[in-house]
1. I'd like to verify a number: residues in region 167-202 that are of a type outside the set (Ser, Thr, Tyr) and not in a loop (DSSP other than H, G, I, E, B), how many?
2. Any residue at all in region 146-153 that's in contact (Cβ under 8 Å) with a residue 40 or more places away in the chain, farther than 29 Å from Leu209 by Cα, more than 17 Å from the chain's Cα centre (by Cα) and within 13 Å of the ligand (Cβ to nearest atom)?
3. How many residues does region 80-108 contain that are more than 19 Å from Glu23 (Cβ to Cβ), within 8 Å of the ligand (Cβ to nearest atom) and touching a strand residue (DSSP E or B) at 6+ places or on another chain (Cβ under 6 Å)?
4. Of the numbered conditions (1) crowded, with 22+ Cβ neighbours inside 10 Å; (2) farther than 23 Å from Asn386 by Cα, Val307 fails exactly one; give the number of that condition.
5. Pull up region 1-59, narrow it to residues that are closer than 25 Å to Pro96 by Cα and free of Cβ contacts under 8 Å to residues at least 40 places away in the same chain, then point me to the one that is nearest to the chain's Cα centre (by Cα).
6. Of all the strands (runs of 3 or more DSSP E) wholly in region 39-79, which have at least 2 residues that are farther than 20 Å from Gly290 by Cα and out of contact with any helix residue (DSSP H, G or I) (no Cβ under 9 Å at 6 or more places or on another chain)?
7. Could you give me the residue pairs with C-beta distances under 9 Å whose first residue belongs to region 110-127 and is more than 26 Å from Trp99 (Cβ to Cβ) and among the polar types (S, T, N, Q), whose second residue is near the ligand (Cβ under 9 Å from one of its atoms) and in a loop (DSSP other than H, G, I, E, B) wherever it lies, and which are 6+ apart or on separate chains?
8. Tell me yes or no: at least one residue of region 306-329 is of a type in the set (Gly, Ala, Ser) and closer than 30 Å to Gln275 by Cα.
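The values are calculated or read from the model by the stated rules, or taken from the named source; none is laboratory data. None of the values given here were measured: they were computed from a predicted structure. Please note: Cβ atoms are built from the backbone with ideal geometry, for glycine as well, and neighbour counts cover all protein chains shown.
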Amino acid sequence: MLQKPRGTRDFLPDEMEARRTIEWRMREVARRWGYREVCTPEFEDLELFTMRSGEGIIEEMYVFEDKGGRKLALRPEITASVIRMYINEAKVAPKPLRWCYFADCFRYERPQKGRYRQFWQFGVELIGADTALADAEVILLAAEMLNATGVTYELKVGHLSFMKNLLEDLEPSVQRRVMAHLDKKDFDGLKGTLESIHKPDLGNSLISLVECRDLAEAFEIAGTIPEKERIHQTINTLDAAGVDYTLNFGIARGLDYYTGMVFEGFAQNLGAENQILGGGAYRLAHLFGGDDVASCGFAIGFDRVMVSLGETQHKKDTVVAIVCTNEGRIHAREVARIFRAAGIRSEMDLMERGLGAQLAHASRTADFAIVIGRREAESGNVTLKNLHSGEQKTLDPESAIAEVGLHGAR
Ligand code: HAM
């Protein structure tokens, strides 16, 4: 029997309904904040992703050559594509641009719980606003979106300038290595790297910075930081909005394009793969032939949010089975039509089963049965049976719709 590719998943209807419910909660928050949906290709020129991150990233991607010999990659994330699209299509549009997306990404990673090779991100990019207010808006939006899903999470906010200030004398490749150690809290690896470049003392400042949760103390550790005023303003805006977060100056972010404020969200019940949100301020446009526009954004790991929410969140559709005898069939079709027109999920027998067999099937698949025999066909009424309580009454179709609607609203 053929199986799906490693790291991918199939979604049955119950799961898809739950996913769509949560997706729409996120969409609704994005809409209210003025973020409009965009869509980019699922695959791009490989160069789009290697230009900033280097050839090393190829190991983590699905890379292929098309029949014309072009080197392409399935997108591992969507920010680079959105910025490429901005340069291609919307460079002259009034700023700032507020865009969002909900789309799948592909990473060639070792699959485990919460880590897949195909996964979905709900993300936003705010393009062309280089201010503390822009940084704060994106963080507040991320928090509101996660709150709307009902997931329990912890939000951590930091700024790269602290770490960069301490590392400014190091070569870029060493800086990157050090930041990777700090991101993973791998202090032994950090010490090893610093000893190899004869800077063992730097380790203490870096570790103090990573463990520091106080802004004034972070400024003391890292020295003079040009963005100081902007950082204060961002933090004050977050505090005024009452968002729940902790400061964390150890956030280095895996992707290489971040320049300033960075933030991450962690769910409590996911084990090792517990990061459900990542984002920050970045610059990418100049690499792709555009102006050096400042941007800020985030992506929520949609699948991880779903795993964290578990089964509890989803309110299922109310299902009505329209059950009829042969004499009732014409009336039953009309009843199904008006139930569907009223927005109620209504299913009719297709198997030419008898009334008893239809009811038995309904008891396994539906919440209500509408029973239509000769009596109902003659009177124009329906018999509504609640399949959970067994309660049964004869009503006109409109009253039956109201009764089913009440159940759905509960
Ligand atoms: P990222 O942190 O690489 O950032 O990914 C965002 C989120 O996607 C992660 O926090 C995680 O929840 C989820 N994720 C990543 N890899 C996997 C995987 N293999 N399986 C399941 N979920 C995964 C970005 O992608 C940036 N583009 C975010 C951004 C937007 N920055 C600015 N704008």
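1. 21
2. no
3. 0
4. Going through (1) crowded, with 22+ Cβ neighbours inside 10 Å; (2) farther than 23 Å from Asn386 by Cα one by one, Val307 breaks only (1).
5. Here the answer is Trp24.
6. Qualifying strands (runs of 3 or more DSSP E): 63-65, 71-74.
7. Gln112/Glu273
8. First, pick out the residues of region 306-329 that are of a type in the set (Gly, Ala, Ser): 308, 310, 321, 328.
Of the ones still in play, those that are also closer than 30 Å to Gln275 by Cα are 308, 310.
Within region 306-329, one or more residues are of a type in the set (Gly, Ala, Ser) and closer than 30 Å to Gln275 by Cα.
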